[in-house]
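Asker: Take a look at this one; I'll ask things after.
The values are calculated or read from the model by the stated rules, or taken from the named source; none is laboratory data. What you are looking at is a predicted structure, and each value in this text was computed from that prediction instead of being measured. All Cβ positions, glycine included, derive from the backbone under ideal geometry; neighbour counts span all protein chains shown. Note: accessible area is taken over every heavy atom of the protein model, side chains too, but ligands, DNA and RNA are not part of it. Shrake-Rupley method; radii C 1.70, N 1.55, O 1.52, S 1.80 Å.
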Amino acid sequence: MLTQKQKYMLLSSSSGLTFWGIVGTLGPLAASGSIIGVLPKSLKVFVLLIGPIFVPFGNFLMGILSDILGRKKIFIITMVLYSAGIVIISLSYTFIPLAIGLMIAEFGVGGEEIPSLSLISEDSPVSQRAKWLTIIADFDNIGSALIAGMFLITSNTLYDRIILLSSAAVLIIIMVFARIRLPESYKWLESRGMERESEMQKSELYIDTEGIKQKKPSYRLSFFVLLSIAISQYTTFGLMAYIIGPYEFPGAYTDNMIIFVALVGASAAGFIAAPLISSGRKFFTLYSYSIGFASTVLIYILVPYLRNLYVFFPLLFINMMMSEFGWASRTTLEPELFPTKMRGTFIGTVRLGPMIVYPILVYATSSFSLSQFILLNVFLWGLGAVGAATWYVHGIETKNVDINY
């Protein structure tokens, strides 16, 4: 049973990550012709690169600040930033203000996830930690699917703006309500020497056990595994959900449909993954990346038939389900493998890897054929499978582990 404060924590995080899903999808939607109309190829590439460039800055900086200032204060900063960005985007009728709005919003949402994952991992009951980390992170996909679906219904840029502003307003109202009542992490308070405040917070959260004491896992092994599975999942998800449409299937409706199908698959998979990963992380991570690799190999074999969307969409749906399984592995292992005092900093550092690689690949793949594009994804999934196998053999099982190492 969750306490009222834990419910506010989940409400705050789910609405914030829904916002991230919306903002993260706006670049690809704009590149496909929504918001301000059709863009030339050079500006499409630029718009697609804004998120991958600015999200890492927000991710890394806010990760560090969340360790210094606490999880709760960062939520106020990020909320102000992406709210301002959404307003600018909604009022944009030319490329430059659209780009500025995207930069501000992407930076803001980039800083949202690390304090969310840290807070959930620290203030949730141990037995429910993986479930809530997986489900809450899935709201990123849900936000993306919702905005892509709504943009599919409308073909008018004015309606796009109304939908965007209305969705943002609803989420901001929910976030303000939840974040005023949000608890600070009792583990963070303890790590900063505020023992009295920590004990008071812990008693209000009804935390009866902090889990099994375990030796701190190897940083070298943790970084290698988390980097490999992060680069694999983050890049393949972005390339297959957001980039393949504008590059390989030009046309606003088709591109929006690709995003919608991909995100519906990922969203549905999050709720399937939650109970599965709760039973153990090592085997779940191994089969998630192994099946993801196999599904991408199948897509590569069927490249000659992918222009037929009745062939491509079911394959994309399955591939995105496995990508969400990989995402669940990442969002659970990242906060579980690092100590409280430096959790945000370490997660932000690990995430720099995929977030640096991704924009390079977005730029590089602009000249790829469809076959080359899918083959690259095969190799990236293979990297993740190697990392998952390494963790299965040499890593620790973090189920029910006390993450205050």
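Per-residue answers, yes or no, for (1) within 30 Å of Lys5 (Cα to Cα); (2) of a type in the set (S, T, N, Q); (3) without any contact (Cβ under 8 Å) to a residue 24 or more places away in the chain; (4) open to solvent by less than 30 Å² (accessible area, probe 1.4 Å):
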| position | (1), (2), (3), (4) |
| --- | --- |
| Arg196 | yes, no, yes, no |
| Glu204 | yes, no, no, no |
| Ile212 | yes, no, no, no |
| Phe223 | no, no, no, no |
| Ile229 | no, no, no, yes |
| Met240 | no, no, no, yes |
| Gly245 | no, no, no, yes |
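Asker: If I filter segment 73-81 for residues that are farther than 13 Å from Leu26 by Cα, basic (Lys, Arg), open to solvent by less than 50 Å² (accessible area, probe 1.4 Å) and at pLDDT 90 or above, do I get at least one hit?
Answerer: Step one: filter segment 73-81 for residues farther than 13 Å from Leu26 by Cα, giving 73-81.
Still in the list and also basic (Lys, Arg): 73.
Next, from what is left, pick out any that are open to solvent by less than 50 Å² (accessible area, probe 1.4 Å): none.
Taking every residue of segment 73-81 in turn, none turns out to be farther than 13 Å from Leu26 by Cα, basic (Lys, Arg), open to solvent by less than 50 Å² (accessible area, probe 1.4 Å) and at pLDDT 90 or above.
Asker: State whether the residues of segment 351-364 include one that is surrounded by fewer than 17 Cβ atoms within 10 Å (Cβ to Cβ) and either at positive phi or small (Gly, Ala, Ser) (or both).
Answerer: Taking every residue of segment 351-364 in turn, at least one turns out to be surrounded by fewer than 17 Cβ atoms within 10 Å (Cβ to Cβ) and either at positive phi or small (Gly, Ala, Ser) (or both).
Asker: Just need a number here: residues in segment 79-123 that are without any contact (Cβ under 8 Å) to a residue 12 or more places away in the chain and closer than 26 Å to Met342 by Cα. Can you show your working first?
Answerer: Initial filter on segment 79-123 (without any contact (Cβ under 8 Å) to a residue 12 or more places away in the chain): 96-97.
Imposing the further condition that a residue be closer than 26 Å to Met342 by Cα reduces the set to none.
Here the count works out to 0.
Asker: Taking segment 298-329, which residues are open to solvent by 80 Å² or more (accessible area, probe 1.4 Å), of a type in the set (A, V, I, L, M, F, W, C) and under 18 Å from Met257 (Cα atoms)?
Answerer: Matches in segment 298-329: Ile318 only.
Asker: hydroxyl-bearing (Ser, Thr, Tyr) and over 16 Å from Gly21 (Cα atoms): which single residue out of Ser218, Ser166 fits that description?
Answerer: On the way: Ser166 fails: over 16 Å from Gly21 (Cα atoms).
Within the list Ser218, Ser166, the selection yields Ser218.
Asker: Touching a residue at least 24 places away in the same chain (Cβ under 8 Å), in a helix (DSSP H, G or I) and within 17 Å of the chain's Cα centre (by Cα): which single residue out of Thr331, Thr296 fits that description?
Answerer: After ruling out the rest, the residue left standing is Thr331.
Asker: Select from segment 376-405 the residues that are buried (at least 17 other Cβ atoms within 10 Å of the Cβ) and in contact with a strand residue (DSSP E or B) (Cβ under 7 Å, 6 or more places away or on another chain) and list them in ascending order.
Answerer: Across segment 376-405, the qualifying residue is only Val401.
Asker: Counting just the residues of segment 131-185 that are open to solvent by less than 50 Å² (accessible area, probe 1.4 Å), of a type in the set (Ser, Thr, Tyr) and closer than 23 Å to Ile77 by Cα, which one comes out modelled with the highest pLDDT?
Answerer: Ser185
Asker: Which residue out of Leu383, Leu376, Leu352 is part of a helix (DSSP H, G or I) and under 30 Å from Met194 (Cβ atoms)? Step through it out loud before you land on a result.
Answerer: On the way: Leu383 fails: under 30 Å from Met194 (Cβ atoms); Leu376 fails: under 30 Å from Met194 (Cβ atoms).
Exactly one residue qualifies, and that residue is Leu352.
Asker: Another question, if that's okay. Could you pull out the residue among Ser34, Ser14 that is touching a residue at least 24 places away in the same chain (Cβ under 8 Å), surrounded by 24 or more Cβ atoms within 10 Å (Cβ to Cβ) and not in a helix (DSSP H, G or I)? Spell out how you get there, then give the answer.
Answerer: Values: Ser14 fails: not in a helix (DSSP H, G or I).
Testing whether each residue is touching a residue at least 24 places away in the same chain (Cβ under 8 Å), surrounded by 24 or more Cβ atoms within 10 Å (Cβ to Cβ) and not in a helix (DSSP H, G or I) leaves just Ser34.
Asker: Let me spell it out: the conditions are (1) under 18 Å from the mean Cα position of the chain (by Cα); (2) at pLDDT 90 or above, and Ile259 meets all of them except one. Which number is the exception?
Answerer: (2)
Asker: A further question follows. If you scan segment 262-285, which residues turn out to be among the aromatic types (Phe, Trp, Tyr) and more than 17 Å from the chain's Cα centre (by Cα)?
Answerer: Taking segment 262-285 as the starting set, the residues that turn out to be among the aromatic types (Phe, Trp, Tyr) are 271, 283-284.
Those that are among the aromatic types (Phe, Trp, Tyr) and more than 17 Å from the chain's Cα centre (by Cα): Phe283, Phe284.
Asker: Got a sec? Which of Glu334, Glu324 is acidic (Asp, Glu) and more than 23 Å from Ala294 (Cβ to Cβ)?
Answerer: Working: Glu324 fails: more than 23 Å from Ala294 (Cβ to Cβ).
None of the other options fit; the residue is Glu334.
Asker: Please verify whether Ser367 is over 21 Å from the mean Cα position of the chain (by Cα), over 30 Å from Lys399 (Cβ atoms) and free of Cβ contacts under 8 Å to residues at least 24 places away in the same chain, treating the condition exactly as stated. Walk me through how you get there before you give the answer.
Answerer: Working: over 21 Å from the mean Cα position of the chain (by Cα): yes; over 30 Å from Lys399 (Cβ atoms): yes; free of Cβ contacts under 8 Å to residues at least 24 places away in the same chain: yes.
It is true that Ser367 is over 21 Å from the mean Cα position of the chain (by Cα), over 30 Å from Lys399 (Cβ atoms) and free of Cβ contacts under 8 Å to residues at least 24 places away in the same chain.
Asker: I'd like to verify a number: residues in segment 91-125 that are of a type in the set (S, T, N, Q) and either in a loop (DSSP other than H, G, I, E, B) or open to solvent by 10 Å² or more (accessible area, probe 1.4 Å) (or both), how many?
Answerer: Keep residues of segment 91-125 that are of a type in the set (S, T, N, Q), which gives 92, 94, 116, 118, 121, 124.
Within this subset, residues satisfying the condition of being either in a loop (DSSP other than H, G, I, E, B) or open to solvent by 10 Å² or more (accessible area, probe 1.4 Å) (or both) are 92, 94, 124.
Total meeting the criteria: 3.
Listed here are the residues, each with its yes/no results for (1) closer than 27 Å to Lys5 by Cβ; (2) out of contact with any Gly (no Cβ under 6 Å at 6 or more places or on another chain).
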{"site": "Asp140", "(1), (2)": "yes, no"}
{"site": "Gly143", "(1), (2)": "yes, no"}
{"site": "Ala148", "(1), (2)": "no, yes"}
{"site": "Asp160", "(1), (2)": "no, yes"}
{"site": "Val170", "(1), (2)": "yes, yes"}
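Asker: Return the residues of segment 29-51 that are in contact with a Leu (Cβ under 8 Å, 6 or more places away or on another chain) and over 26 Å from Phe75 (Cβ atoms); say none if nothing qualifies.
Answerer: Within segment 29-51, the first condition is being in contact with a Leu (Cβ under 8 Å, 6 or more places away or on another chain), and the residues that meet it are 30-31, 33, 35-36, 47, 50-51.
Answer for segment 29-51, where residues must be in contact with a Leu (Cβ under 8 Å, 6 or more places away or on another chain) and over 26 Å from Phe75 (Cβ atoms): Ala30, Ala31, Gly33, Ile35, Ile36, Val47.
Condition check ((1) touching a Ser or Thr at 6+ places or on another chain (Cβ under 9 Å); (2) open to solvent by less than 20 Å² (accessible area, probe 1.4 Å); (3) among the hydroxyl-bearing types (Ser, Thr, Tyr)) across all residues:
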position: Phe249; (1), (2), (3): no, yes, no
position: Asn256; (1), (2), (3): yes, yes, no
position: Val264; (1), (2), (3): no, no, no
position: Ala269; (1), (2), (3): yes, yes, no
position: Lys282; (1), (2), (3): yes, no, no
